[in-house]
Amino acid sequence: MDIPVVYFLYLSATIFSIGVIGAITRKNILQIMFSIVLMVNAANINLAVFAHHYLAVRGQILVLFIMAVEAAETAIGLSIVVLMNRRMKTLNVKKMDLLKG
């Protein structure tokens, strides 16, 4: 039994919408980072579903590379957040004005 493609697209749109709302409304930098990860994963779901639908293995391989790059990006971003938290003693984006002139 095959699940229709449209169900995966609805799932992806829902996850992406949750990520956008989270990135816009949150003030905590970690929550914003997790929201961005949600948006990237929603795009990965789309890419994987269409690659599977059109029997393109290259698309599924591309999803794996995107996931690897995203993991590295998250690790670097998290290390920057930890350093900023040690220096500024806050995770609130509004209070992090270290780079302002």
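Just so you know, all these numbers are worked out from the coordinates, no wet-lab data involved. Keep in mind the model is a prediction, meaning the values are calculated, not measured. Heads up, the Cβs are rebuilt from the backbone with ideal geometry, glycines too, and the neighbour counts pull from every protein chain shown.
Structural remarks
- 0 to 90° range, to nearest 10: angle between helix 5-25 axis and the chain longest Cα axis: 10 degrees
- Modelled label positions at Val5 and Met96, each set 7 Å beyond Cα in the direction of Cβ, lie 3.9 nm from each other.
- GNM result for the chain, Cα springs below 10 Å: residue of Ile45, Ile29, Ile21 fluctuating most strongly: Ile21
- Calculated P(r) of the stretch 5-91 - Cα pairs past 23 Å, %: 34 percent
- Mean Cα-pair separation over length for the stretch 5-91, i.e. relative contact order, pairs under 8 Å, 6 or more apart, %: 26 percent
- Modelled spin-label separation between Ile61 and Phe34, with each label point placed 7 Å from Cα along the Cα-to-Cβ direction: 3.5 nm.
- When shorter helices are ignored and each DSSP H run of at least 4 residues is given -39500 (n - 2.57), the per-residue value for the chain at 222 nm works out to -27500 deg cm²/dmol.
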